[in-house]
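The values are calculated or read from the model by the stated rules, or taken from the named source; none is laboratory data. Note that the structure is predicted; figures quoted are calculated from it, not measured. Cβ: placed from backbone, ideal geometry, glycine included. Neighbour counts: every protein chain shown.
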């Protein structure tokens, strides 16, 4: 019995579902047809209804449009703020990179200016030189020295002059393979032969560990005035001539003082001049006979012919070293003239 009623209820449920589905589909199709007919028959009715609905909704939309616009602007402001923050961070990074490039460019410009200034120092263009940078101030209370990164590998030797863009600063007193020690002209042990222009008065420029240099052994101070230019003479063969050193500052206690053209506390680049003084003298080619070629007369002739010395000719005088003094031995023309005079006396 139970199964019987259950099967009947299932069949009834299926039948009701089928009827409902078919009925709803029919109703929807019927409503659609009615709307189509009404739209074609009375189009103005729907237009009026739509306008009425629009008029009814417009005040509501106006009320809500203000808050909606405010929210939209607020969101746009937040997005703009985020964009500005990102742009600001990007600009900060770019500015930092540009500042780094600017610092590098300025350093390079300063280096180029220093090199150009070094090249403008009036030196002999035939001189070779080595350019380096000052890496340490090795001075103290009793000495004034600098260390530059140029040494024997750069052709630097002891005694060579060192200059900066203003003129002479000192000379090399110690040389390593890659570094050299510069004794400044202000050091107590520095001595440089100089000219005081315009009269070219010779003197020795001496340092005394002060900012002003001394002029020792000055030939004459006549015509010397403050501001007179002081240059090297080149005597001694270590320092090239004509290098500017400074200007005369004045006289103190009977000693003329010189103010160096260089600021020793701001030296960064130096140029070491590879100057070599000529050490040999070439033969002028006057044709003097060598010592081996000067042959004395045989002793037999001198012993057997003592009376014929008074009858000596110019040729005999030329071969007798005792008959010619030191001046005629050096000058052949003088020897010939002396021999001619002896011949005339005979």
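Summary of computed values
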{"read-out": "Residue check for residue 157: assigned to a loop (DSSP other than H, G, I, E, B), in contact with a helix residue (DSSP H, G or I) (Cβ under 9 Å, 6 or more places away or on another chain) and within 28 Å of residue 112 (Cα to Cα)", "value": "no"}
{"read-out": "Selection from the range 40-56 of residues that are at pLDDT 65 or above and surrounded by 10 or more Cβ atoms within 10 Å (Cβ to Cβ)", "value": "45, 46, 47, 48, 49, 50, 51, 52, 53, 54"}
{"read-out": "Among (1) in contact with a strand residue (DSSP E or B) (Cβ under 6 Å, 6 or more places away or on another chain); (2) under 14 Å from residue 230 (Cβ atoms) - the single one residue 147 does not satisfy", "value": "(2)"}
{"read-out": "Some residue of the range 250-257 being buried (at least 18 other Cβ atoms within 10 Å of the Cβ), within 20 Å of residue 149 (Cα to Cα) and in the same structural domain as residue 193 (by TED's automatic domain parsing)", "value": "no"}
{"read-out": "Residue 177 surrounded by fewer than 20 Cβ atoms within 10 Å (Cβ to Cβ), in contact with a helix residue (DSSP H, G or I) (Cβ under 6 Å, 6 or more places away or on another chain) and assigned to a loop (DSSP other than H, G, I, E, B)", "value": "yes"}
{"read-out": "Matching residues in the range 247-279 - criterion: being on the phi > 0 side of the Ramachandran plot and outside any loop (DSSP other than H, G, I, E, B)", "value": "250"}
